[in-house]
């Protein structure tokens with residue numbers, strides 16, 4: 001399970017970096033749905049990776065909210081992470097919600113905070 005967790009963490013870190021690169025482009029060139037999708041996938045990877053890292057099978061979780069609740073039940077410190085910026089809590093989301101830079105930058109910020117949180121918890125380095 002630890003190898004699967006590490007692979008998920010590595011992919012999530014990559015997706016956060018890609019979302020950051022897209023967000024740093026001139027506003028007229030930004031593809032907001034890419035930022036949202038990459039941020040959401042990064043968040044999913046971090047949460048699933050955390051569960052696997054701790055020996056918990058996340059396969060029954062169908063939403064980011066389900067994954068988050070499992071993580072929070074295992075580690076109360078997850079209350080520091082706020083997923084409310086994601087209007088698309090399902091893992092299969094509607095891209096029409098990702099049309100504003102302000103919305104997708106909040107999703108990116110959530111994924112980035114989760115990355116920092118897991119580093120602070122010394123789960124990833």
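The values are calculated or read from the model by the stated rules, or taken from the named source; none is laboratory data. From a predicted model like this one, the values you see are computed outputs, not experimental measurements. Glycine also receives a Cβ, built like all others from the backbone with ideal geometry; neighbour counts cover every protein chain displayed.
Name the residue, out of 69, 80, 2, 14, that is modelled with pLDDT of 95 or more, on the phi < 0 side of the Ramachandran plot and out of contact with any strand residue (DSSP E or B) (no Cβ under 8 Å at 6 or more places or on another chain). Please lay out each step first, then the result.
Numbers: 69 fails: modelled with pLDDT of 95 or more; 80 fails: modelled with pLDDT of 95 or more; 2 fails: modelled with pLDDT of 95 or more.
Checking each option against the conditions leaves just 14.
Scan region 94-125 for residues that are assigned to a loop (DSSP other than H, G, I, E, B), surrounded by fewer than 18 Cβ atoms within 10 Å (Cβ to Cβ) and at pLDDT below 85 and jot them down.
Quick first cut of region 94-125, residues assigned to a loop (DSSP other than H, G, I, E, B) only: 94, 98-100, 121-125.
Those left that are additionally surrounded by fewer than 18 Cβ atoms within 10 Å (Cβ to Cβ): 94, 99-100, 121-123, 125.
Across region 94-125, the qualifying residues are 94, 99, 100, 125.
Screening residue 65 on (1) farther than 16 Å from residue 111 by Cα; (2) surrounded by fewer than 17 Cβ atoms within 10 Å (Cβ to Cβ) shows it passes everything except condition (1). Is it the case that residue 51 is closer than 23 Å to residue 122 by Cβ, surrounded by 13 or more Cβ atoms within 10 Å (Cβ to Cβ) and modelled with pLDDT under 85? Against the criterion (closer than 23 Å to residue 122 by Cβ, surrounded by 13 or more Cβ atoms within 10 Å (Cβ to Cβ) and modelled with pLDDT under 85), residue 51 does not qualify.
Out of the helices (runs of 4 or more DSSP H) lying entirely within region 1-86, which hold 3 or more residues that are touching a residue at least 40 places away in the same chain (Cβ under 8 Å)?
Working: elements: 2-23, 32-53, 64-74.
Result: 2-23, 32-53.
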